[in-house]
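Please read the structure below before turning to the comments.
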Amino acid sequence: MIILVINSGSSSLKYQVRDPDTGERLASGLIERIGDSSHGGPSNHAEALDRVTEELEATLQGKPIDAVGHRVVHGGERFSEPVLINNEIIRAIDRLNPLAPLHNPANVQGIRAIAERWPDMPQVAVFDTAFHRTLPEHAWRYAVPDELYKKYGIRRYGFHGTSFEYVTRHAAQMLGLQAADFTGIVAHLGNGASVTAVQGGRSIDTSMGFTPLEGLVMGTRSGDIDPSILLFLLREGYTEQDLDQLLNRESGLKGLTGHNDMRSIEEEGSPAGMLALDIASYRLAKYIGGYHVAVGGAQALVFTAGIGENAWRFRERVVKRLGALGVFIDDAENQKPGGAAREISTEESAFPVLVVPTDEEAAIAEATAAVVLKK
Ligand code: AMP
């Protein structure tokens, strides 16, 4: 099968064409500046799709697409697995918009644009929250009045689920296990970052919460802070928009160093950069310690995504803090360039530390093919 994978954002549309049987990537591209026609961008998602179609005509040379898989950020409490899209499903995703105001409306626009252009094309929604639907209530509840959960759906949802599911499967394979027998900790460290406790192949806790802001120190997001800081700043005259901008776009590595990307920080080696790496690695190591308890003893620690796969200095900082768990890094393996799948711990380590490259588009293509074939 040939699957078009769409990741539709509010002002951009990323796509890849994948053959899920071989893993081959037949085409890929990015349409930017949607809604910014004064700078040459398409005026909406339908026009963005015109550009994708033009690019695909050139690269695929007549090869037909069998189905479209969409990355959908929020599946709320309803969606625990990928689903075939119909009008009712579109309405259900639409109803989740308040939970993901930046992402879900754009995802729906991408789905509608495809439905208008190719009405008979099977479309599948793959949800970023779905893998975390197995969280036990003690992990997803916040200690706030019940009314906030009942009225607004305020609870932990967790994100990066497609990546966690894919990486769990591949880590299990590397260890000679079925995914259902994998118990460990998976750290997805990209521009956005989160860490998940996996027990018997299922997510039982994860660091992102009601939104992707909670948890680890990220490229531009603060991760965990005392919520009273927001109340303090409101009293100081900050607006809701100011706080959103501050915590989602100007904090994290960027707030601490001026750079949001790990590579520049590692290359520059400034004192502020080194402190930022200390803060971020310390935070992650604390989560790993906590999740070791949560899963009843991890059998593996897995690093993935841009930083997890490539930033060996950062991995070293994290693992060096795990001596109390009996986990030790093999410097030579860790420092090998490239993000190839491998074990980077010593033989004495209490459990293996792995690097496992993620591939969310491959995971979406595989899930889409599976749903369409089941139809
Ligand atoms: P992602 O969101 O998964 O694409 O990850 C982006 C992050 O990975 C950015 O912080 C990049 O600086 C970081 N990254 C990518 N390649 C490297 C590298 N070779 N060394 C250090 N960090 C890297």
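Longer than 29 Å from Cα to Cα, which of Lys254/Lys336; Lys14/Lys254; Lys14/Lys63; Lys14/Lys320 are they? Say none if no pair is. Mind showing how you got there, number by number?
Values: Lys254/Lys336 27 Å; Lys14/Lys254 24 Å; Lys14/Lys63 20 Å; Lys14/Lys320 37 Å.
Flagged as over cut-off: Lys14/Lys320.
Taking every DSSP helix (H) stretch of at least 4 residues in the chain, weighting each as -39,500 (n - 2.57) and dividing the sum by the residue count yields a mean residue ellipticity at 222 nm of -12000 deg cm²/dmol.
Post the alpha-carbon centroid distance, region 1-61 to region 243-265, in whole angstrom. Result: 28 Å between the Cα centres. Taking label positions 7 Å along the Cα-Cβ direction at both Ala272 and Gln241, the computed distance is 2.6 nm, reported to one decimal. Our note on the geometry: Cα centres of region 145-203 and region 298-375, 14 Å apart.
Model label sites at Ser80 and Asp181, defined 7 Å from Cα along the beta-carbon direction, differ in position by 2.4 nm.
If a spin label sat at a point 7 angstrom from the Cα of Arg112 along the line to its beta carbon, the backbone N atoms of region 26-61 nearer than 13 Å would be those of 44-47. With N the number of residues in the chain, Rg(Cα) / (2.2 N^0.38 Å) evaluates to 1.00.
Largest GNM mean-square fluctuation among Leu213, Leu246, Leu231, using the chain with Cα springs under 10 Å: Leu231. Semi-axes of the equivalent ellipsoid of region 67-179 are 25, 23, 10 Å, computed as sqrt(5λ) over the eigenvalues of the C-alpha gyration tensor in descending order.
Summing +1 for each Lys or Arg and -1 for each Asp or Glu, what net charge is found among the other residues whose Cβ lies under 15 Å from the Cβ of Arg235?
Numbers: positive: none; negative: Asp226, Glu236, Glu240, Asp242.
That works out to -4.
Spin-label pair Met121-Leu373: with each label point 7 Å from Cα along the Cα-Cβ axis, the two points sit 2.2 nm from one another. With Cα atoms defining each centre, region 215-235 and region 89-129 are spaced 30 Å apart in the structure.
With all pairs of separate Cα atoms included, region 283-375 yields a Kirkwood hydrodynamic radius of 14.4 Å. Annotation: extensible slack from Glu54 through Ile225 equals 57.0 nm (criterion: 0.36 nm per residue apart, minus Cα-Cα distance).
Projected onto its three principal axes, the C-alpha set of region 154-289 covers 54, 40, 23 Å, listed from the longest axis down.
Every number here is computed from the coordinates shown, using simple stated rules; none is lab data. Quick caveat, the model's predicted, so the values are computed rather than measured. Heads up, the Cβs are rebuilt from the backbone with ideal geometry, glycines too, and the neighbour counts pull from every protein chain shown.
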